[in-house]
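See below for the structure under consideration.
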Amino acid sequence: MTTDTPATGGAGDDALATAASPIFADSSTERSIPRSWVASWALWDAGGAAFNAVITTFVFTVYLTSSYFISPALVSAQDAEKDASGPAHHAVTGAIAGLSSGLAWGIGIAGIVVAVLAPVLGRRTDGSGRRKLWLGINTGVVVVITALMFFVVGEPSFFLFGVVLVAVGTVFYEIATVNYNAMLVQVSTPKTVGRVSGLGWASGYFGGILLLVIVLVLLASPNGDGTGGILHVTTDQGLNYRLVALVAAVWTLALSIPVLLRVPEAPANRRLPRVGFFASYRLLFRDIAVLWKESRNTVLFLISSALFRDGLVGVFTFGGILAKGTFGFSQSGVIVFAIAANVVAGVSTVLSGRFDDRFGAKPVIVTALVGLVIAGLAVFFLHDAGAIAFWVFGLILCLFVGPAQSASRTFLARVTPAGREGEVFGLYATCGRAVSFVAPLLFALFVALGGAQYWGILGIVLVLLVGLVLLVPVKSPR
């Protein structure tokens, strides 16, 4: 990344507290950010793609909710049953639905834990000046948890163990992300924060693409002879999927080291009082009250962004389900579309960073949300057109997802007082987790009301639209 001379300016009406100095407090002086800092910071996002894309989205959770973890007798009965609508088939379908429900409960509980812990832990790292230290500790736990997934043998008795590992890994990954997001201001200036944030998001997309291709080609893709991938690893007891977990752990570890070595630790914020863990909650509630009184603009952004970010997650979460269930994609076709979707999202995110720095984050977010709503409605109304319609408008959806995510992070970075990044990004994570049930619930509700899977698209569009409406009155930071 090129380094720029930062522009002067303050946070204006968006300060969280009168005693806090605005972000980029040294913006009136020449500030040079080494390219190695930016690259090292962005690589962490590429490493995190192992947990995001491989563990919780496309590979390991799919393995965890497969027939490996239901009764072998039930699977045998299904194989012997010629009638595809027979009782054994229905029993297997119900059992797999139960696995999905159990996994969802585990991830939901993890989300509650993150919502409770994120802002307080972020605040404490701000005060101690140990942001990078805790990023390293939390990332290390994610690596260990991911590696332990190798021991989740493909048998029903190991299902709960697998769910616990995914849930615990989710907690530590999300807390690590709070520290990582807070470091954005250490590796950017007011003129480059949009580009740097976009680079980080794009790095995550491209990292996910590369790792997905590696594990699918080497290990995960079925060969039809009881082995997986070009290495022909046996699929007995899910060994090929368990090896994927080991590859993901090594990937995360390798790409997380640069940020810990190259980017210096943030200085401690001496204005934050040093108190015990539980006393931190009392101060947190006090700060939220101050935030509401002095910067309702920031509060409104946190609420609106929580909603539209939940909709953005829904686009990727339910995209594969819709591709297969409504538009007739094969399993391999879904994977090909997923790779293409990540490529489109990654490229558009890199490009949008420059528009962010030139015009501001809010115009980028509004444009992206309008595009998402229009493309989502097109997918809904053209559902009878088949795979071509989904390829065209599904990729248009992905075109806007990354820019909205990246610009949302830079908007918050621009209104956060210096030294309070961990706390505010902790609130950012908490707000997102607090409404993370909305898109899945509305998806399910619209499917139930409409009687067909494609009706769920309207649920996701509605979440994006409400987030957009709440964003409109939010004032852009200077």
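The values are calculated or read from the model by the stated rules, or taken from the named source; none is laboratory data. As the structure is a computational prediction, the values presented were derived from the model and not from experiment. Glycine also receives a Cβ, built like all others from the backbone with ideal geometry; neighbour counts cover every protein chain displayed. Accessible surface is based on the protein model in full, side chains and every heavy atom, while ligands, DNA and RNA are left aside. Shrake-Rupley method; radii C 1.70, N 1.55, O 1.52, S 1.80 Å.
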Could you tell me whether G154 is touching a helix residue (DSSP H, G or I) at 6+ places or on another chain (Cβ under 9 Å) and more than 30 Å from F69 (Cβ to Cβ)?
-> no
Filtering the range 282-312 down to residues that are among the aromatic types (F, W, Y) and under 30 Å from A345 (Cβ atoms), which residue is modelled with the highest pLDDT?
-> F308
The residue that is nearest to L246 (Cα to Cα), considering only those in the range 171-190 that are open to solvent by less than 10 Å² (accessible area, probe 1.4 Å) and in a helix (DSSP H, G or I), is A176
Going through the range 463-478 one residue at a time, which ones are surrounded by 23 or more Cβ atoms within 10 Å (Cβ to Cβ) and within 18 Å of G376 (Cα to Cα)?
-> V463, L464, G467
Of all residues making up the range 435-462, the number that are modelled with pLDDT under 90 and either of a type outside the set (G, A, S) or open to solvent by 60 Å² or more (accessible area, probe 1.4 Å) (or both) = 18
Could you please tell me which pairs satisfy a Cβ distance under 8 Å, a separation of 6+ or placement on different chains, a first residue in the range 191-210 that is open to solvent by 20 Å² or more (accessible area, probe 1.4 Å), and a second residue that is outside any helix (DSSP H, G or I)?
-> K191/D4; K191/T5; K191/P6; K191/A7; R195/M1; R195/S188; L199/M1
List every residue pair whose Cβ atoms sit under 6 Å apart, with the two residues 6 or more apart in sequence or on different chains, where the first one lies in the range 84-113 and is open to solvent by less than 40 Å² (accessible area, probe 1.4 Å) and the second, anywhere, is small (G, A, S).
-> A88/A77; G106/A167; A110/A167; G111/S436
Qualifying residue in the range 353-372 (condition: over 22 Å from Y205 (Cα atoms), part of a helix (DSSP H, G or I) and either open to solvent by less than 20 Å² (accessible area, probe 1.4 Å) or acidic (D, E) (or both)) = no
Could you tell me whether any residue of the range 223-230 is assigned to a helix (DSSP H, G or I) and in the same structural domain as A115 (by the TED database)?
-> no
Given L399, L412, which one is open to solvent by 10 Å² or more (accessible area, probe 1.4 Å) and either at pLDDT 75 or above or not β-branched (V, I, T) (or both)?
-> L399
Report yes if some residue within the range 279-290 is part of a helix (DSSP H, G or I), β-branched (V, I, T) and touching a helix residue (DSSP H, G or I) at 6+ places or on another chain (Cβ under 8 Å); otherwise report no.
-> yes
Restricting the search to the range 221-242, which residues are open to solvent by less than 50 Å² (accessible area, probe 1.4 Å) and aliphatic (A, V, I, L, M)?
-> V233, L239
